[in-house]
Amino acid sequence: MKHLALASLASTALVLAAAPASAHCQIPCGIFDDELRVQLIEEHITTVEKSMKQIVELGAAEKVDYNQLVRWVTNKEAHAEEIQDIVTAYFMAQRIKPPADLSDDPATKEYLHRLALLHAIQVHAMKAKQGTDLGEIAALRKLVADFRTAYFGEVAAHAH
């Protein structure tokens, strides 16, 4: 019964707390930095991880503090959405360009590899949003590291 009430309360709070996405505009202003966007994704992953741990800890308490629990759930979901927004509105919409010639196998392979990594980040961010499985955090960290290498190259990936 405790878990049902907890899930119901958390679901209600999430619906009420939903806010519109605030991704970077799609005007080619040139002021945003690709590496910084990747670092922001990593920071959001760390925040989602901390939120997951707090949710588990608060949910296991003898006397559940529902207000704090709902705040951590809301926080986790907001940061998972930020990951999705950066991936979609920044990298997929603005930065990852299809090759001019799709018959260029190496360029097309690189393009598809980057898209596949970004899609996987999207999926794992969604799964992180849905629960408290820390395996999703590990998957996100690996995928972001792989994307950094695919996007910036080996030298940049090791310099970070």
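The values are calculated or read from the model by the stated rules, or taken from the named source; none is laboratory data. Predicted, not measured: the structure shown is a model, and the values here were computed from it. Neighbour counts run over all protein chains shown; Cβ positions are idealised from the backbone, glycine included.
Keeping to region 53-64, report how many residues are outside any helix (DSSP H, G or I) and either under 18 Å from the mean Cα position of the chain (by Cα) or not basic (Lys, Arg) (or both).
Total meeting the criteria: 3.
Considering only region 57-71, I want to know if a residue exists there that is of a type in the set (S, T, N, Q), crowded, with 18+ Cβ neighbours inside 10 Å and out of contact with any Leu (no Cβ under 7 Å at 6 or more places or on another chain).
No, region 57-71 contains no residue that is of a type in the set (S, T, N, Q), crowded, with 18+ Cβ neighbours inside 10 Å and out of contact with any Leu (no Cβ under 7 Å at 6 or more places or on another chain).
Taking the residues in region 97-128 that are surrounded by fewer than 17 Cβ atoms within 10 Å (Cβ to Cβ) and either at positive phi or of a type in the set (A, V, I, L, M, F, W, C) (or both) as candidates, determine which candidate is modelled with the lowest pLDDT.
The residue in question is Leu102.
To keep it simple, each residue is scored yes or no on (1) at pLDDT 95 or above; (2) over 18 Å from Arg95 (Cα atoms); (3) more than 20 Å from the chain's Cα centre (by Cα).
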{"site": "His3", "(1), (2), (3)": "no, yes, yes"}
{"site": "Leu9", "(1), (2), (3)": "no, yes, yes"}
{"site": "Ala13", "(1), (2), (3)": "no, yes, yes"}
{"site": "Ala19", "(1), (2), (3)": "no, yes, no"}
{"site": "Ala23", "(1), (2), (3)": "no, no, no"}
{"site": "Thr47", "(1), (2), (3)": "yes, yes, no"}
{"site": "Ser51", "(1), (2), (3)": "yes, yes, no"}
{"site": "Tyr66", "(1), (2), (3)": "yes, yes, yes"}
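Checking the conditions here, which among Ala89, Ala107, Ala80, Ala120 is within 30 Å of Ile31 (Cβ to Cβ), among the aliphatic types (A, V, I, L, M) and in contact (Cβ under 8 Å) with a residue 60 or more places away in the chain?
So the residue among Ala89, Ala107, Ala80, Ala120 that is within 30 Å of Ile31 (Cβ to Cβ), among the aliphatic types (A, V, I, L, M) and in contact (Cβ under 8 Å) with a residue 60 or more places away in the chain is Ala89.
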